[in-house]
Amino acid sequence: MRAIVSVSDKSGIADFARGLQELGIEIFSTGGTKKSLEAAGVKILSISELTGFPEILDGRVKTLHPAVHGGILARRDLPQHLSELTQNRIEPIDMVVVNLYPFVETVTKAEVSLDEALENIDIGGPSMLRSAAKNFPSVLVVVDPGDYDTILQKLRQGNIDSEYRKRLAQKAFQHVALYDTAIAQYLNEEAFPEEMTIALKKVRSFRYGENPHQQAAFYIEQNVRQRQDGLASLAQLGGPEISFNNLLDLDAALTVLSDFTAPTIAVMKHTNSCGLASHNDLAEAYRRALAGDPVAAFGGIVASNRIIDLATAQEIDKSHYDAIVAPEYEKKALELLRRKESLRLAKVAPYRPSPSELHLDFRHVRGSFLAQMPDTLIETELKPRVVTKRQPSETELSDLLFAWKAVKGIKSNAIVIAKDKTLLGMGAGQPSRVVSVELALKRAGDQAKGSVLASDAFFPFTDGPELAIKRGVTAIIQPGGSVRDKEVIELADKYNVAMVFTGVRHFRH
């Protein structure tokens with residue numbers, strides 16, 4: 001047997017090459033890999049000895065040769081192919097061990113030049129992988145160092161069946177597809193190109209998905225134009241394995257917290273905030289968030305945009321939750337929270353998406369994807385406009401801006417009642433906006449007096465605002481844009497309620 005070995009990731013390659021040589025397999029290699037193997041005491045032959053042609057153009061051309069691709073692509077079951085190999089003095093190649101130049105690692109460095117990026121685009125490697133994978137019944141193609149031990153074991157047993165060869169070929173084609181996707185991403189300057197591929201890498205499998213009868217897994221998008229933050233940076237510090245539903249709630253929590261710069265706690269249930277509060281004292285922020293709906297909070301998720309200190313941990317410890325997520329934990333806080341074996345503890349880097357990032361929000365629909373730019377309007381881009389005779393007080397305006405951030409993270413039709421930068425009640429996911437108002441007011445109870453209201457979209461009728469005003473709401477923030485805006489404004493003026501239009505809506509279906 002003959003093998004070509006040319007790898008960028010050299011982990012385990014020396015031991016693998018020794019194992020191949022012990023089996024009598026002749027190895028050919030290219031410059032960098034050859035030097036690495038020789039330094040490890042493995043004697044191999046150069047590609048030039050196989051092709052009879054030197055590497056040229058600073059190594060750009062070394063394996064692009066009939067002696068390489070003819071030896072890989074020849075079908076062993078076709079006498080004509082074997083005859084042509086003999087006529088052209090080409091010998092079959094039975095194994096290709098290749099992984100590719102570190103393009104992603106290169107282009108994600110700060111201030112990388114276009115010339116440097118282009119030099120790190122591998123041409124010969126993908127060509128050999130595709131050739132070998134195309135001819136997998138006769139050629140073993142290896143891209144993953146994690147497969148080395150299994151392959152050696154199977155070679156020693158003389159038992160490499162067709163199904164295993166096919167699996168290796170699939171991995172090779174996928175490896176090249178991810179690589180080509182990264183290059184296309186790097187070169188792309190359009191928000192919505194005519195064609196695109198999405199590169200995904202599996203991080204973990206779950207026992208089940210949303211429900212026990214559904215299989216599930218977690219994949220991270222590989223995108224060279226996007227920081228690997230959010231759930232990509234998740235580290236579990238304690239508790240049972242994080243579930244599919246936990247990650248949905250964690251993602252929703254990170255999205256909510258990304259809009260807040262002040263110390264903020266969110267309590268999430270079924271991807272909605274049932275509690276949310278900002279306060280300079282994190283423990284107080286938690287107490288206020290919990291007060292928003294202590295019943296719904298049971299079994300939910302607590303999320304913080306600050307390091308969880310001992311005082312906050314002691315408050316959290318009084319209730320039952322499925323998970324906690326924060327940028328970090330003080331040592332004593334972590335020790336305390338770890339005492340609950342059923343409590344999942346997660347650490348995630350702060351997530352604050354930049355509007356300048358070329359990043360799409362994908363939604364899967366039947367057999368298709370919808371793609372949009374993420375809803376990342378920053379605070380300085382918000383231009384609230386008072387439309388009523390009465391201006392909101394300084395306290396009301398502060399609460400209105402808090403409520404406007406809070407309503408963005410709640411499912412439409414979304415209504416938030418807030419006071420003192422605390423969510424007092426919310427209505428989510430209702431077909432009728434007035435029903436969402438009723439639910440938010442019911443949850444807020446008597447605390448609705450002196451509160452403010454935020455609506456993620458305009459009020460189509462006066463019924464919702466009137467209901468809130470009669471329960472004590474003193475200021476309202478909404479996008480505006482309804483044909484009945486004049487009637488809604490007149491209603492607010494009638495009751496001396498301040499109303500602010502944002503000109504922006506935050507639907508979240």
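The values are calculated or read from the model by the stated rules, or taken from the named source; none is laboratory data. Note that this is a predicted model, so its numbers are computed, not measured. Here the Cβ positions follow ideal geometry from the backbone for every residue, glycine too, while neighbour counts run over all protein chains shown.
Quick one: would you say Ser455 is of a type in the set (S, T, N, Q), under 19 Å from Leu382 (Cβ atoms) and crowded, with 23+ Cβ neighbours inside 10 Å? So that I can check it myself, show each step before the final result.
Values: of a type in the set (S, T, N, Q): yes; under 19 Å from Leu382 (Cβ atoms): yes; crowded, with 23+ Cβ neighbours inside 10 Å: yes.
Judged against the criteria, Ser455 is a match.
When you scan segment 52-87, how many residues do you find that are in contact with a strand residue (DSSP E or B) (Cβ under 9 Å, 6 or more places away or on another chain) and modelled with pLDDT under 85?
Residues that pass the stated criteria total 4.
For segment 182-207, enumerate the residues that are charged (D, E, K, R) and under 29 Å from Asn246 (Cβ atoms).
Lys201, Lys202, Arg204, Arg207
With the structure loaded, tell me whether Ala232 is part of a strand (DSSP E or B) and either in contact with a helix residue (DSSP H, G or I) (Cβ under 6 Å, 6 or more places away or on another chain) or surrounded by fewer than 21 Cβ atoms within 10 Å (Cβ to Cβ) (or both) or whether it fails that test.
In short, no.
Filter segment 155-179 down to the residues that are of a type in the set (Lys, Arg) and over 17 Å from Lys201 (Cα atoms), then identify the one that is surrounded by the most Cβ atoms within 10 Å (Cβ to Cβ).
Pass one, segment 155-179, residues of a type in the set (Lys, Arg): 156, 165-167, 171.
The next check asks that each one be over 17 Å from Lys201 (Cα atoms); those that pass are 156, 165-166.
Working: Arg156: 11, Arg165: 19, Lys166: 13.
Across segment 155-179, the extreme among qualifying residues is Arg165.
Can you name the residue in segment 323-341 that is touching an Asp or Glu at 6+ places or on another chain (Cβ under 8 Å) and either of a type in the set (Asp, Glu) or in a helix (DSSP H, G or I) (or both) and is also nearest to Met268 (Cα to Cα) among such residues?
Checking each candidate, the answer is Leu337.
Being in the same structural domain as Gln214 (by TED's automatic domain parsing), within 20 Å of Arg443 (Cα to Cα) and surrounded by fewer than 21 Cβ atoms within 10 Å (Cβ to Cβ) is true for just one of Val295, Val302. Which residue is that?
Sole residue among the options that is in the same structural domain as Gln214 (by TED's automatic domain parsing), within 20 Å of Arg443 (Cα to Cα) and surrounded by fewer than 21 Cβ atoms within 10 Å (Cβ to Cβ): Val295.
Name the single residue that is surrounded by the fewest Cβ atoms within 10 Å (Cβ to Cβ) among those in segment 1-17 being in contact with a strand residue (DSSP E or B) (Cβ under 6 Å, 6 or more places away or on another chain) and outside any helix (DSSP H, G or I).
Only one residue fits best here, namely Asp9.
Tell me whether segment 180-196 contains one or more residues that are touching a helix residue (DSSP H, G or I) at 6+ places or on another chain (Cβ under 7 Å), assigned to a loop (DSSP other than H, G, I, E, B) and of a type in the set (Ser, Thr, Tyr).
First, pick out the residues of segment 180-196 that are touching a helix residue (DSSP H, G or I) at 6+ places or on another chain (Cβ under 7 Å): 182-183, 186.
Next cut, assigned to a loop (DSSP other than H, G, I, E, B) only: none.
No, segment 180-196 contains no residue that is touching a helix residue (DSSP H, G or I) at 6+ places or on another chain (Cβ under 7 Å), assigned to a loop (DSSP other than H, G, I, E, B) and of a type in the set (Ser, Thr, Tyr).
Name every residue in segment 14-60 that is among the aliphatic types (A, V, I, L, M) and out of contact with any Phe, Trp or Tyr (no Cβ under 8 Å at 6 or more places or on another chain), in order of residue number.
Those that are among the aliphatic types (A, V, I, L, M) and out of contact with any Phe, Trp or Tyr (no Cβ under 8 Å at 6 or more places or on another chain): Ala14, Ala17, Leu20, Leu23, Ile25, Ile27, Leu37, Ala39, Ala40, Val42, Ile56, Leu57.
In contact (Cβ under 8 Å) with a residue 60 or more places away in the chain and either part of a helix (DSSP H, G or I) or of a type in the set (S, T, N, Q) (or both) - does that describe any residue in segment 41-59?
So far as segment 41-59 goes, no, none of its residues is in contact (Cβ under 8 Å) with a residue 60 or more places away in the chain and either part of a helix (DSSP H, G or I) or of a type in the set (S, T, N, Q) (or both).
Taking only pairs six or more apart or across chains, which ones have beta-carbon atoms under 7 Å, a first residue in segment 472-494 that is outside the structural domain of Phe459 (by TED's automatic domain parsing), and a second residue that is in a strand (DSSP E or B) and at pLDDT 95 or above?
Close Cβ pairs satisfying both conditions: none exist.
Would it be correct to say that Ile308 is free of Cβ contacts under 8 Å to residues at least 24 places away in the same chain, in contact with a strand residue (DSSP E or B) (Cβ under 7 Å, 6 or more places away or on another chain) and of a type in the set (Val, Ile, Thr)?
So Ile308 does not fit the description; no.
What is the one condition in (1) out of contact with any helix residue (DSSP H, G or I) (no Cβ under 9 Å at 6 or more places or on another chain); (2) free of Cβ contacts under 8 Å to residues at least 24 places away in the same chain; (3) small (Gly, Ala, Ser) that Ala444 does not satisfy?
(2)
Scan segment 387-405 for residues that are among the aliphatic types (A, V, I, L, M), closer than 22 Å to Ser482 by Cα and outside any loop (DSSP other than H, G, I, E, B) and jot them down.
Leu400, Leu401, Ala403
In contact with a His (Cβ under 8 Å, 6 or more places away or on another chain) and either surrounded by fewer than 20 Cβ atoms within 10 Å (Cβ to Cβ) or modelled with pLDDT under 95 (or both): is that true of Lys411 in this structure? First the steps, then the outcome.
Working: in contact with a His (Cβ under 8 Å, 6 or more places away or on another chain): yes; either surrounded by fewer than 20 Cβ atoms within 10 Å (Cβ to Cβ) or modelled with pLDDT under 95 (or both): yes.
Yes: the conditions hold for Lys411.
Using the structure shown, decide if Lys154 is more than 25 Å from the chain's Cα centre (by Cα), assigned by TED's automatic domain parsing to the domain that holds Glu26, among the basic types (Lys, Arg) and over 23 Å from Gly70 (Cα atoms).
Yes.
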